[in-house]
Amino acid sequence: MDTSTPVPALPDRPRARLRRLLAAASAAVAVATALTAAATTPAAALDNDLAATPPMGWNSWNTFGCAIDEDLIESTADHLVSSGLAAKGYRYVNIDDCWQAPQRDQAGRLQADPTRFPSGIKALADHVHAQGLKLGIYSTAGTGTCQRLPGSLGHEDLDARTFASWGVDYLKYDHCFTEKSALPDVDRITLTGGDQTSSYEGEAAQPSGTAKTVSCPTCSGGARVTGLGAAKGALDFSVDVPTAGTYRLGIDYLYGADPRTSYYPTGYVTVNGQRAGDRIRFDPSPSAQQTASYRMDVTLAAGGNTIRLDNPLTDLKVKQDNFARMRDALAATGRPIVYSINANTQDGTSFADIANLWRTTQDIKPLWHSTSWYRGVDDIIEQNGRLGSATGPGHWNDPDMLEVGVRLDGFPGLTPDEERTHFSMWAMMAAPLIAGADVRTMSADTAEVLGNSAVIAVDQDRLGQAGTLVASSGDTEVWVRVLHNGDRAVVLRNRGTTTRQVTATPAQLGVTADNRYLVRDLWADTARTHVPAELSAAVPAHGVAMYRIHRLGR
């Protein structure tokens, strides 16, 4: 998610205020009761019987960003029903970032922004549930959300219970202001016992791996040690104490984080081969040239001791651990909550044992191709399309939300052909279909694309096997997806800038000469009997032709 977007202040919009206040009062009682429930044993792995097919719904971010309030969410839920989209499967109404108040309440719980959501999330969930829909909410595996509101790192159990008590059905869990596996640069350590303090410079310790000493004019000894942690570098201090016992260890370090993109270095202290406490999270120092200090108690033997600073974990392992903590916290609530994560990995890593769906790319924007950090539709198809082996019932690759019908300042938007390609290929990739358009004012064309039942049926096929690229030539591609009843979904795709003839052979389609087939065009809504021969279409620029092939027999 783009962390540069400001958080605008919205005026309160009174609507049925009495109803909301009464609902909010009732919700407060329900929340207080639910939060007293004891947590059960955490799940060893994800097994929540949810998301048997890719989730479908709507999310507030793509169109509205932080400009959200309860009126918008309620009216969106109402329009999903009245437009017929809910009946076609769009049942999750997901609130993205900026629903939170800037601070937690006195009990440490997340709370809704009182101006934007004066009735609270429980009352909003009740409204959504009354429409036959489900409510989703947003948090992060960090100290803050991407818009610098309270995150869930270190509060996983409490936040999961809070979400469950509100009636939340879906959690989007992002990756901002979180932890990494590298340690900060180390200036020195100190040991205090009684009224005596000893200092040990980092440059005098024993480095290993990628750890190395570099100049630091502002450090106590004129140098610091960098390259620590991330399963690559460690620093061993040899220390002597007169008597065995507990000593106060101080770690003087430097990490001048950019507050716009901050993450937290982490590491471990090991004393004489034994881990001393849990993983440490280091807060930013005042600047890159000024030290901060982390202090903890350690138990030392009389005489010589070795204190090691390192982190044997990789960034990926730290992410997996942090996302798994929320997985287990959600499971402990006993409430079915679909778990959607953005671990900010684009290398094809599967999180199938942790989440129901996981992002595979950077954020999508309403354009075909991007040269910036964000991605266009064509970029994401190229990146996500090769990851299909990781997807299946209960665990889905998430190439990000739909830009069909989204109009955003500074972006060109998608042409009608590009929107059909977008929707068709998300269905072929067995991707979640989370609309981002303003469904209250969407055009007939947007409604037609989002509501194409035949394409939705491909996406929601219960086999859950993603389509594959079976042939390509220049800018043309042939994609095939096998469906649960043996049908084939086929996309003939043109990535070029002019109309191209795209052709698929019988071998590519998986059809044989001794059978007849019914071929249905899923956008033209026409069908014809087909004997095994090539399937060909004139496909417009950036467009697709999409078919479903059903075997009729001999």
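Derivation of every value follows stated rules applied to the coordinates shown; laboratory data play no part. In this text the structure is predicted, and so the values were computed from the model without any measurement. All Cβ positions, even for glycine, are placed from backbone atoms using ideal geometry, and neighbour counts span all protein chains on display.
Just add up the charged neighbours of ASN515: K/R +1, D/E -1, any other residue whose Cβ is under 14 Å from the Cβ of ASN515.
Working: positive: ARG488, ARG516, ARG551, ARG554; negative: ASP487, ASP514.
That works out to +2.
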Using a cut-off of 17 Å between alpha-carbon atoms, which aspartates and glutamates can reach LYS317, once sequence neighbours fewer than 8 places away in the same chain are excluded? ASP174, GLU179, ASP278, ASP328, ASP347, ASP353
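What percent does the relative contact order of segment 112-212 come to when contacts are Cα pairs within less than 8 Å and at least six residues apart? Kindly include the intermediate steps, with their values, before the conclusion.
On the way: 116 pairs, mean separation 23.4, N = 101.
23 percent.
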Using the Cα centre of the chain as origin and beta-carbon charges of +1 (Lys, Arg) and -1 (Asp, Glu), tell me which of ALA329, CYS66, LEU249 is placed farthest towards the positive end of the dipole. ALA329
Under a 5 Å amide H to amide H cut-off, with H placed in plane at 1.01 Å, what residues pair with CYS216 once short-range neighbours are removed? ALA223, ARG224
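Would you work out the relative contact order for segment 468-553, in percent, from Cα pairs under 8 angstrom that are 6 or more residues apart?
Details: 202 pairs, mean separation 28.4, N = 86.
Once normalised by length, the contact order is 33 percent.
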Would you kindly derive the ³J(HN,Hα) couplings of segment 343-360 from the backbone phi angles with the Karplus curve 6.51 cos²θ - 1.76 cosθ + 1.60 (θ = phi - 60°), listing them in order in whole Hz, with x for Gly and Pro? 8, 6, 10, 10, 9, x, 4, 8, 10, 4, 8, 10, 9, 6, 8, 9, 5, 10
Using the Karplus curve 6.51 cos²θ - 1.76 cosθ + 1.60 with θ = phi - 60°, what ³J(HN,Hα) values do you get for each residue of segment 221-237, in whole Hz, with x for Gly and Pro? x, x, 8, 9, 10, 10, x, 9, x, 6, 6, 10, x, 9, 9, 10, 9
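Antiparallel DSSP bridges in the chain: what percent, to the nearest 5? Don't skip to the answer; put the middle values down first.
On the way: 86 of 112 bridges.
Among the beta bridges of the chain, antiparallel pairing accounts for roughly 75 percent.
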Could you tell me which of ILE364, GLY392, ILE380 has its Cα farthest along the dipole of the chain towards the positive end, charges placed at Cβ (Lys, Arg +1; Asp, Glu -1), taken about the Cα centre? GLY392
If packing is taken as the average count of other Cβ atoms within 10 Å, what order do 191-197, 230-236 fall into, highest mean first? 230-236, 191-197
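Assigning unit charges at the beta carbon (Lys, Arg +1; Asp, Glu -1) and nothing else, what dipole magnitude in debye, to the nearest 20, does segment 182-313 show about its Cα centre? Let's see the in-between values first.
Working: 11 positive and 13 negative charges, 65 e Å.
Dipole size: approximately 320 debye.
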For helix 416-428, what angle does its Cα long axis make with the longest principal axis of the chain, in degrees from 0 to 90 and rounded to 10? 70
From the backbone phi of segment 315-324, what are the Karplus-calculated ³J(HN,Hα) couplings (6.51 cos²θ - 1.76 cosθ + 1.60, θ = phi - 60°) in whole Hz, Gly and Pro given as x? 4, 4, 5, 4, 4, 4, 4, 5, 6, 5
Any idea what angle helix 70-82 forms with the longest principal axis of the chain, computed on alpha-carbon atoms, 0 to 90 degrees, nearest 10? 30
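Summing Lys, Arg as +1 and Asp, Glu as -1, what charge do residues with Cβ under 13 Å from the Cβ of PRO265 carry, PRO265 excluded? Present the calculation step by step, with values, prior to reporting the outcome.
Numbers: positive: LYS180, ARG279, ARG281; negative: GLU179, ASP185, ASP283, ASP310, ASP315.
Computed value for this residue: -2.
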How big is the gap, in Å, between the Cα center of segment 492-550 and the Cα center of segment 358-436? 22
Given [x] 87, 67, 41; [y] 91, 60, 44; [z] 67, 50, 44 as candidate values of Cα extents along the principal axes in Å, which corresponds to the one derived from the coordinates? [y]
The answer for GLN100, listing residues at least 5 apart or on another chain whose modeled amide H is closer than 5 Å to its amide H, is ASP113
In whole angstrom, note down how far apart the Cα centers of segment 118-144 and segment 165-207 are. 34
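Using Cβ counts within 10 Å as a stand-in for footprinting exposure, how do HIS484, HIS155, HIS175 rank, fewest first? It would help to have the intermediate numbers written out before the result.
Numbers: HIS484 10, HIS155 19, HIS175 22.
With the fewest neighbours first, HIS484, HIS155, HIS175 line up as HIS484, HIS155, HIS175.
So what is the relative contact order for the chain, in percent, with contacts set as C-alpha pairs under 8 Å and at least six apart?
Numbers: 1319 pairs, mean separation 70.6, N = 554.
With pairs under 8 Å counted, the relative contact order is 13 percent.
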Under 5 Å between amide hydrogens, which residues at least 5 positions from VAL338 or on another chain qualify, with H placed 1.01 Å from N in the peptide plane? TYR170, LEU171
Please determine, in degrees from 0 to 90 and to the nearest 10, the orientation of helix 17-34 with respect to the longest principal axis defined by the Cα atoms of the chain, where the helix direction is its Cα long axis. 60
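What net charge do the residues around LEU135 carry, taking every other residue with its C-beta under 13 Å from that of LEU135, with Lys and Arg at +1 and Asp and Glu at -1?
Values: positive: ARG91, LYS122, LYS134, LYS172, ARG335; negative: GLU70, GLU74, ASP96, ASP126, ASP169.
Residues near LEU135 contribute 0 overall.
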The residues GLU203, GLU156, sorted from fewest to most surrounding Cβ atoms within 10 Å, come out as GLU203, GLU156
So which of LYS172/LYS365; LYS88/LYS172; LYS122/LYS180; LYS122/LYS172; LYS88/LYS365; LYS232/LYS319 end up more than 28 Å apart by C-alpha? LYS122/LYS180
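Per residue of the chain, what 222 nm ellipticity follows from adding -39500 (n - 2.57) for every DSSP H run with n ≥ 4, rounded to the nearest 500?
Numbers: 11 runs with 115 residues, N = 554.
When only DSSP H runs of four or more count, the value is -6000 deg cm²/dmol.
About the Cα centre, and with charges only on the beta carbon of Lys, Arg (+1) and Asp, Glu (-1), how big is the dipole of the chain? Nearest 20 debye, please. Please report the intermediate quantities before stating the final value.
Values: 51 positive and 61 negative charges, 185 e Å.
Computed about the Cα centre, the dipole is about 900 debye.
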